Structure formats: structure tokens, C-alpha cells
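Notes to accompany the following structure.
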Amino acid sequence: MLLAVDAGNTNVVFAVHDGAEWRGRWRIATDPQRTSDEYAVWLLTLMQHAGLRPSDITRCVIGTVVPAALYNLRRLSRDWFGAEPLVARSTLDWGFHIDVERPQEVGADRLLNALAAHHHYAGPLIVIDFGTATTFDVVAGDGAYLGGVIAPGINLSIEALHRAAARLPRIGIGRPQSAIGRDTVAAMQSGIFWGYVGLIEGIVTRIRAEAELPGMKVIGTGGLAPLLAEGTTMITRVDQDITLEGLRLLAGRNPAPISQKDMM
């Protein structure tokens, strides 16, 4: 079985795939100071509830945009599952050309999204990931990664608005009943929701015009993708597992790393 670890700026997601399906997914807040033993106590308990044992895991793949978290995630894989982890980097075999000026600077999550989106949906694509940042990634018809757009994430914008304006409360994101808010909270919710819908529609329109790739589909992922998809017809499909699927596919394309212990 494969243990896939998607370490983002807000959460770390762990998932186990048995070769046919995902057997479990668990998430924990990202904390670069969390040790491998702390991860293990939490993760092994949840795996046990799903009927999984540490010995079931034969491979591990890690994708992270938080370099400081990588050391302890590697230790978790080595010490608790006996597997040298494959770490998603631009130098691996992705099966497509990374057509940007500095491939090493592209976040692993963006390449993983591109890999899985092309595999499952084909054709030219735009992948929108609603995470800590809202990212738009452009994938050519042959799967080549062409670059994209990075904008502030929705929750980041809400928090910045609350902190910068003394009289504005911290709000939750939701679809407002109307564009014109009749009180402060409703006005803020409208600005956030319809503002990001406008962001989606504006950027997708510009990407399509610049890329000149007919029939570009738009795939949404991330926790807020279903909510934002309600407000626009631009998003063709919502796929919450796309980053994990990218990790699974990447592991399938690349050999398991050889640990120092195996070389002795």
C-alpha cells in the first residue's frame, strides 16, 4: 500500500491507497515543529480505526510546499513505516514538460495537480486550487505545464480584512442571498464571495485568450471549490482528490528511492 502525504501551508493530509482505492484520508494542522513521533501517535491511531497497520505500507510519497516540515515527515516514513519516501520535485519523471523559466520554483502541489488533471480529464486545462493561496495552473493538451497565476487565498483575504479594519468582524465564507448586503456581515460576505467569483471568471477569461487552446476545461479543487463552483459556470468539474491522485501517479512513474540502510 502507498502512503501519500500532501503537506500544505494550512494542513497536512495523509492518505492510504491499496492499489485500487483510497482506504482513508486524515488531516492535521501544519506545524513544522511537529516531530515524527507526534505524527506517528496521531496517524497510527487513525489507521488502526480504518483497519490498517504500519506493516501494510510499502511505499511513501511526499509533496510539500513547507520545506521546514519535510525533515520530520521523512523521519515518519523511515522510522515508522520502514520506507524511504519519494519527495515530489521538478527533477523527477513527471511525464510532461515543465515549460517555465525556473521549474525548481514551481510548488509541488501545482505540478501534482497538473499531473492528475491531465491523466483524468485530458485536453487543455486550467486547474484552480482554493488553498492558502488561490492558484490557477495551465496545462496544455499534451500535458505540458505552462505556468499560471497565484492570488491570495479566500481565508487569507478574510483574515487580512478583519485585522486591517478595526470595525470589521471576522466572518465565515458563504454564498450570500444577494449582491447588495443589508448589514456589515452580509456586505463582507458578498464582497468575498462575488469578488472571488469575479476573480475566477476574469482570470480564466484572460488565460483562455492568451493560451489560445480551444476547449480548455476548468477543474476546481481545495476545500472551498464546491462553494465557489456554485457561483460560476466557468468551473467544469470539482475534484477534491486531485493532489492526492497526483502523488499516487507520481509514485507510479518513479522508482522507490534507495535508503542508506539498504545500500549498506
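The values are calculated or read from the model by the stated rules, or taken from the named source; none is laboratory data. Not measured: the values here are computed from a predicted model. Counting neighbours? That spans all protein chains shown, and the Cβs are built from the backbone with ideal geometry, glycine included. SASA here: full protein model, heavy atoms, side chains in, ligands and nucleic acids out. Shrake-Rupley method; radii C 1.70, N 1.55, O 1.52, S 1.80 Å.
Ordering Thr134, Thr91, Met47 by Cα displacement along the dipole of the chain toward the positive end leaves Met47 in first place; charges were set at the Cβ atoms of Lys, Arg (+1) and Asp, Glu (-1). Peptides 24-33, 122-131, 218-227 ordered by packing proxy, namely the average of other Cβ atoms within 10 Å per residue, highest first: 122-131, 218-227, 24-33. Over the residues of the chain, the helix contribution to mean residue ellipticity at 222 nm works out to -12500 deg cm²/dmol, using -39500 (n - 2.57) for each DSSP H run of at least 4.
Of the listed values (i) 126; (ii) 107; (iii) 148, grab the one calculated as volume of the Cα convex hull per residue in Å³ from the structure here. Looking at volume of the Cα convex hull per residue in Å³ for this model, the match is (iii). Projecting the Cα atoms of Ile57, Thr35, His118 onto the charge dipole of the chain, computed from C-beta unit charges around the Cα centre, puts Thr35 farthest toward the positive end.
The share of alpha-carbon pairs in segment 96-149 lying farther apart than 17 Å comes to 25%. Taking springs between alpha-carbon atoms closer than 10 angstrom, which of Ser178, Ser36, Ser190 fluctuates most in the Gaussian network model of the chain? Maximum fluctuation in the GNM of the chain, among the listed residues, is at Ser178. Once the 1.4 Å probe is applied to the protein heavy atoms, segment 172-228 comes out at 53 Å² accessible per residue. Only protein atoms count toward the accessible area here, which uses a 1.4 Å probe; on segment 128-264, the carbon and sulfur part of that area reaches 55 percent. Go ahead and set up a Gaussian network model of the chain, Cα springs under 10 Å, then flag whichever of Gly107, Gly195, Gly63 fluctuates most. Most flexible of the set in this elastic network: Gly195. With all protein chains in place and a 1.4 Å probe, the accessible surface of segment 1-99 carries 47 percent carbon and sulfur.
Remark: the chain carries a charge dipole of roughly 520 debye about the Cα centre, counting +1 on each Lys and Arg Cβ and -1 on each Asp and Glu Cβ. A Cβ-based charge dipole, computed about the Cα centre of segment 152-264 with Lys and Arg at +1 and Asp and Glu at -1, lands at about 220 debye. About the centre of its Cα atoms, segment 159-209 shows a dipole size close to 40 debye [charges on the beta carbon of Lys, Arg (+1) and Asp, Glu (-1) only; nearest 20 debye].
For the options Leu247, Leu111, Leu73, a Gaussian network treatment of the chain with springs between C-alpha atoms closer than 10 Å singles out Leu73 as fluctuating the most.
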